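The structure appears below as structure tokens.
Coordinate-derived values only; no laboratory data. Bear in mind that the values here come from a model prediction, so they are computed numbers and not experimental data. Please note: Cβ atoms are built from the backbone with ideal geometry, for glycine as well, and neighbour counts cover all protein chains shown.
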Amino acid sequence: MKSVKDWFKKISKKPLFLPLFSVFLVLVINVIYDAVQGNYIFSFFTFELKEGALYGRIVDILNRGSEAAILAIGMTLVVSSSGGTDISVGSVMSLAGSLCCMLLAGFGVTHVRGPEELQMPIWVGAVAGIAIAGVVGLFNGFLVARMKIQPMVATLIFFTAGRAIGLLLTNNKMVYILLDEFKWFGLGKTWILPTPTVIAAICIALMVLVLRFTSLGMYVQSVGINPRASRIAGINSAAIILLCYIICGLYAGVAGIVATSRIYSADSNNIGLNLELDAILAVALGGNSLGGGRFNLAGSIIGAYTIQAITTTMYALGVAKAQAPVYKAIIVILIVVVQSPAVKAYFAHRKAQKESLAIAGRS
Amino acid sequence: MKKILALVLALVMVSCLFVTAHADELLKIGYVQVGHESDWRMANTQNYYDVFTKEAGFELELIDCDNDHARQLQEVRNFITKDFDYIVIDPIQEAGWDDVLKEIQDAGIPCIIADRAVAASSDLYTTAVGTNMTAEGETAGLWLEEYLAGKAAKILVIEGSTGSSAAIGRAEGFNKVAANHPEWEILASQDGDFTQNGGQAVMEDFIKRFPEFDVVVCHNDNEAYGAMDAMDAAGIKYGVDGKIIISFDATKEGLTRTLAGKILCNVECNPIQAVIVMNVINALKAGEQVEKFTLVPDEGFCAPGIESAIVTTMTDEVLAARKY
């Protein structure tokens, strides 16, 4: 018994404990619901092989959460280094998708129905989309790092302009690319996994490798904690912040291509709509301070999938979409409150009290 | 320096006078458009630009309100201040119009409610032009009645954005027909936001919750594409020899899929409304009495090989004639 208690104490101190606990909490809701409904209680967790791909609610969460997870990676770096958020990522996704589709179809063309109608290879369009997102990231980073403009104000520019530029590029029309090769990024499968999950995994792996084999992570945190001190210590703070915004932009571009491929059309008005909020929330749910400094990448990614798990749960419970945000908010409040410094301090205080009582009892 | 500035200012003022004087000959029409959220909406906007031209004697100011109700109210008040000759409103939401409609009335400007509906007393506006969403829903229901011919059916509904008149009307019309059919069972109804991504997500969930269903009713074409994607992924067959998909809007892309036998029935919502609005305005100008509501006629289409007394069977010619 004591060992279980010790074990729990030990794991509850790990930084990832609370984010993981949040996901667990959301999944438990589904088990309870299925039990009440008289279904097989783990039906939320069942997998099937359909059309040669894994199929089930958990796959849905991993699949539909891909974009938010990819965005959360870049957002974590931006938050950590600059102590502010990049609110342009949703619009940048839409811009990347619009540019990609416009290049593939040609300006003013609304439908591509056969490979012979493509103006250029699909990968060129995709790379161009990701590149433009990187350029926007560079612009944002320049404003924040060099011009010292507050991150939210600097990124507000492309938050508003991104979609509008996308609409200009697509001539105010929805551009459809009705090719299986193009659908691959969002609707296709790789081995038995939906492609978006694989793309998200690659994005995560890349960042993990960079953080593992370079000192970028340390520099970013150092700049986030104190940019002046870091500069005096020999770190080019502005360059680090700039780099973080470029990475954030590039990742937004990747997410944009996935989201566009999912609907095989450039729907500038709806692609990535409100996703910047999900990405920021993911960073917060991951136990990261939005004030910058230390960061925990794994926490942010788990945070992103937690948000998607809540959404998928809402669907599974049959909650009307118009009311879903209310329940979502309640769950988010619970998770954030549990992770808040005040609650942590309260538990630390109680523990200290107990210990002092124990010591007093002994003497 | 001061002299140059004075000269420039004077020039600007004179040119302003000139512009206003010139514009006086044209009828100033203010149109507050909902936004640019779909192919349908863009076709509607384009249609207004095509019809209300300077040559036809109009000066059209079309404001894209980007689905923002507050912005729409503000733009209408702008029109009042600038003393437009006619104000045309395509209301984003039904509720919350009483005050501003009263202000238009007090300013003595004729007001036309176009496309969507307002939840306000009809005394507050001059006339309304629009499609009848309830009739569209009913057409879809009646077609299904004809197609099923008494067979039982389990039905899933992917609704449009909650609260929009299209979603309310289409659901109401369809449910009216469904009420006569105890053998029809509506399993669930969920909001898909009128988007393809929304349709995909809702259908992915439906497939898992309801392994057995026969009909999917989608409140617009984009939702229907999403539903088709989700069924493709799950290996579910749809179309003439599979699940029945019913959709609304009948855009060119949607009708392409009806012609291909994927969407079995697609009920149109006609965006080509500007001519009817123009006729109403011309009648008002001539001092004629106009009806309180002018209907923009809608049509329904079904996949080739299906004979129907209610909707038209799709052909290549119909598709070729479709502009949006």
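Couple of notes before you dig in:
- Close amide H partners of residue B:188, meaning residues 5 or more places away or on another chain with modelled amide H under 5 Å apart, are B:157.
- By the rule of a C-alpha distance below 16 Å, with chain neighbours fewer than 8 residues away ignored, the lysines paired with residue A:10 are A:2, A:344, A:351.
- Sum of -39500 (n - 2.57) over DSSP H runs of 4+, divided by residues of chain A (222 nm, nearest 500): -23000 deg cm²/dmol
- Other-chain or far-sequence residues with amide H under 5 Å of residue A:175's (modelled H): A:266
- Computed 3J(HN,Hα) for the range A:64-70, one whole-Hz value per residue from the Karplus formula 6.51 cos²θ - 1.76 cosθ + 1.60 where θ = phi - 60°, is 6, x, 4, 4, 4, 5, 5, glycine and proline marked x.
- Zone of residue A:225's modelled label, taken as backbone nitrogen in the range A:272-298 under 20 Å from a point 7 Å along Cα→Cβ: A:287-298
- Residue-count net charge about residue B:165 - beta-carbon cut-off 12 Å; Lys, Arg +1, Asp, Glu -1: -3
- Bridgeable aspartates and glutamates around residue A:14 (alpha carbons under 18 Å apart, same-chain partners fewer than 8 residues away excluded): A:6.
- Candidates per GluC sites (Glu not before Pro) in the range B:272-313, loop by DSSP, up to 11 other Cβ within 10 Å: B:288, B:291, B:307
- A cut-off under 11 angstrom between Cβ atoms defines the neighbours of residue B:36, and their net charge, with Lys, Arg +1 and Asp, Glu -1, is -2.
- Normalised contact order of the range B:25-125, rounded percent, pairs of Cα under 8 Å and 6 or more residues apart: 30
- The C-alpha atoms of chain B define a longest principal axis, and helix B:2-23 lies at about 60 degrees to it.
- Dipole size of chain B about its Cα centre, with +1 on Lys/Arg Cβ and -1 on Asp/Glu Cβ: approximately 620 debye, rounded to the nearest 20.
- Three-way shape label, the protein assembly as shown, alpha-carbon gyration tensor, a/c 1.5: oblate
- If R0 is 35 Å, the Cβ-Cβ spacing of residue A:351 and residue A:157 corresponds to a FRET efficiency of close to 0.15.
- Scanning chain B for trypsin sites (Lys or Arg not before Pro) in DSSP loops with at most 14 neighbouring Cβ atoms within 10 Å leaves B:152-236 as the longest stretch between them.
- Residue-averaged 222 nm ellipticity for chain B, from DSSP H runs of 4+ at -39500 (n - 2.57), nearest 500: -13500 deg cm²/dmol
- The protein assembly as shown - charge dipole about Cα centre, Lys and Arg +1 at Cβ, Asp and Glu -1, debye rounded to 20: 4860
- Based on Cα atoms of chain B, Rg over Rh with Rh as the Kirkwood radius reads 1.07.
- Residue range of chain A that is longest and free of chymotrypsin sites (Phe, Trp or Tyr not before Pro) which are both DSSP loop and sparsely packed (at most 15 other C-beta within 10 Å): A:192-363
- Treating r as the C-beta distance of residue A:113 and residue A:172 and R0 as 35 Å, the FRET efficiency rounds to 0.95.
- The C-alpha atoms of chain A define a longest principal axis, and helix A:17-37 lies at about 80 degrees to it.
- With at most 11 other Cβ atoms within 10 Å, longest stretch of chain A clear of loop trypsin sites (Lys or Arg not before Pro) (DSSP): A:149-363
- Note that the range B:203-215 has calculated 3J(HN,Hα) couplings of 5, 4, 5, 4, 4, 6, 7, 10, x, 10, 8, 10, 10 Hz, one per residue in order, obtained from phi through the Karplus relation 6.51 cos²θ - 1.76 cosθ + 1.60 (θ = phi - 60°); glycine and proline are x.
- Using alpha-carbon coordinates, inclination of helix B:165-178 to the longest axis of chain B, degrees: 30
- Volume per residue for the range B:182-324 equals 154 cubic angstrom (convex hull of Cα atoms).
- Neighbours of residue B:81 by Cβ distance under 15 Å: Lys/Arg scored +1, Asp/Glu scored -1, total -3.
- Taking only the Cα atoms of the range B:25-125, the ratio Rg/Rh comes out at 0.95, with Rh defined as the Kirkwood radius.
- Taking amide hydrogens as placed 1.01 Å from N in the peptide plane, the amide H of residue A:189 sits under 5 Å from those of A:195, each at least 5 positions away in sequence or on another chain.
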